[in-house]
Amino acid sequence: MLRLSDVGDAEVAALMARHGLSLQRVADGAEIPGSYWGECEAGLQGSTLYGRGDTPIHSLLHEGCHAICMGEARRATLDRDAGGDDAEECAVCYLQLVLADGISGFGFERACLDMDEWGYSFRLGSARAWFETDAADARQWLQQRGFLPVAAGA
């Protein structure tokens, strides 16, 4: 599983900044503020994404995509639990796979593998299979809200 210490902060911070978020590095061994899952998993409070060197990149992307998808009003009171419904959760997973290519050495393929290794649950058995054949609803959710371009003829 690729971790923040493997890629460094700069690209992750730049990617999140393009979406109005900041990345705050937490000292190794310290508790991660706003972490839903605890341990090394990313944390989220308002527009700040928290991670340590051992935080998985997919976790940072996932929590960041929650903040991107929720909008300013909900983000203003965000602390740990992004909430949202099942449709939004699927959109978050889809967007994190789309954004994965924005981090050198990570990318779509690695993101799928790391999501599978972590234990994301997709009815087709893998993140890649879900993305390629069963995620039309997530893509549409993102397109309707302006997070993805609408394909011609769609």
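Rule-based calculations on the coordinates, nothing more; no lab input. Just so it is clear, the model here is predicted, and its values are computed rather than measured. Counting neighbours? That spans all protein chains shown, and the Cβs are built from the backbone with ideal geometry, glycine included.
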Over the chain, what relative contact order in percent results from Cα pairs under 8 Å that are six or more residues apart? 19
Picking from Ser22, Ser59, Ser104, which is most flexible by a Gaussian network model of the chain using Cα springs under 10 Å? Ser104
Using alpha carbon centers only, the range 85-154 is separated from the range 40-68 by a whole-angstrom value of 16
Any idea what the dipole of the range 4-144 comes to, in debye rounded to 20, about its Cα centre with Lys/Arg Cβ at +1 and Asp/Glu Cβ at -1? 360
How big is Rg to Rh over the chain, alpha-carbon atoms, Rh as the Kirkwood inverse-mean-distance radius? 0.94
Helix 107-118 sits off the longest principal axis of the Cα atoms of the chain, rounded to the nearest 10 on a 0 to 90 degree scale, by 70
Choose one of Ser126, Leu21, Tyr36: the residue whose Cα lies farthest towards the positive end of the charge dipole of the range 4-144 (beta-carbon charges +1 Lys, Arg; -1 Asp, Glu; about the Cα centre). Leu21
